[in-house]
Amino acid sequence: MHRLENLNRWIKRLLLVILLALVGLIAVYFYQGGWERMRNSRTLARLIPSDFFQGPQVAIISGHRGFDSGAICKEDGLMEATINEGIATKVVERLKQQGVSAMLLDEYDPRLQGLHARALVSIHADSCVEKSGFKIASAEETIIPEQDQMLVNCLKGKYGAATGLDYHPSAVTKDMTQYHAFQRVADDTPGAIIEVGYLGGDRALLVNEQDKLAEAIVEGILCLLDWQDAQTPEPEMTGAPAIATP
C-alpha cells in the first residue's frame, strides 16, 4: 500500500514537471515571435476566420482607380481603369480565400503612406496598340532588392505560365521603376507593378479571362509569401527554465 502511494505521488510529480516544461517552452516560443507567426498564419486564417487570425497583409492597387481612366481605346471606349479594377478585385477576393489579409487600394490611396505589408502589387494594362505581352518592374532604388526581385520573379513565372503571354523586360519604363507607390510605402514593403497585357492585342484575354489573370497574380504573390516564410526561422524552443526531475 505504501509503495502504491509513493508510485502515485511520483507519477503526479512527473506529470507536473512535464506540464511546467511544456508551459515554459510555449512561453519561450511566443516570446521569440511565435505569437505573431500564429496570428499571421494563412492556415489558421482560413480555418478560423476572425479579426485575430488575419494572415499576412498584402496590398493591391487597382491602377488609375480614383484618379483617372488610364488608357482609352478610341474604337469602343474601353478604359484601362475598368480592366484593372476587374482583375484587382478578383485578386483581393482570392487572396482572402487563401487566408491573406488583402486590401484593395486606389491609385493614390492615402493608406499607401508608410504602409507596412508583406507585398504591394499594382495592376495596370498597357495601351490600345496591336501588341501582345506583359511586363513587371520593382523599384529602381530599394533597400530590399532580394525581396523585390523575388516578387518580380514569382509574378513573372506564374503569370507567364498561366497566360502564355511573352514577357517583355526591355519594355519596362521609368514610369514603372520609379512608380510613385514605391516611394510612399514603408522601405521594408516589397513592391511590383505589372502591366498585364495590351488593351489592343490582348483585349480578349483582358476582357474575357480575368479569373485566369487574377489567379496567376495570386499564385505569384503566394510564391513570395512562401519564400518569405522560408527565410524566417522558426523560434528556437530553447531557453525554458530548467526544472529538476523528482
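The values are calculated or read from the model by the stated rules, or taken from the named source; none is laboratory data. All of these numbers come straight from a predicted model, not from anything done at the bench. Don't worry about glycine lacking a Cβ; one is built from the backbone with ideal geometry, like all the others, and counts go over all protein chains shown.
List of remarks:
- Applying a threshold of 6 Å to beta carbon distances and a minimum spacing of six or more residues, or different chains, the list of pairs starting in region 172-199 at a residue that is more than 17 Å from residue 154 (Cβ to Cβ) and ending at one that is among the acidic types (Asp, Glu) and surrounded by 18 or more Cβ atoms within 10 Å (Cβ to Cβ) reads 198/126.
- Tally of residues being at positive phi and surrounded by 24 or more Cβ atoms within 10 Å (Cβ to Cβ) across region 114-132: 0
- Residue count for region 124-175, restricted to those that are within 20 Å of the chain's Cα centre (by Cα) and not aromatic (Phe, Trp, Tyr): 26
- Boolean, residue 195 is touching a Phe, Trp or Tyr at 6+ places or on another chain (Cβ under 7 Å) and at pLDDT 95 or above: yes
- Unique match (being farther than 30 Å from residue 232 by Cα and either assigned to a helix (DSSP H, G or I) or at pLDDT below 95 (or both)) among 45, 81, 88: 81
- Only one of 85, 80 that is buried (at least 19 other Cβ atoms within 10 Å of the Cβ), touching a Gly at 6+ places or on another chain (Cβ under 6 Å), over 17 Å from residue 222 (Cβ atoms) and not hydrophobic (A, V, I, L, M, F, W, C): 80
- Among residues of region 1-15 that are part of a helix (DSSP H, G or I), those with a beta-carbon under 8 Å from a residue that is modelled with pLDDT under 70 at least six positions away or on a different chain give the pairs 10/246; 13/246; 14/245; 14/246.
- Single match in 212, 135 (criterion: charged (D, E, K, R) and surrounded by 18 or more Cβ atoms within 10 Å (Cβ to Cβ)): 135
- Flag for residue 149 being at pLDDT below 95 and either under 23 Å from residue 205 (Cβ atoms) or assigned by TED's automatic domain parsing to the domain that holds residue 212 (or both): no
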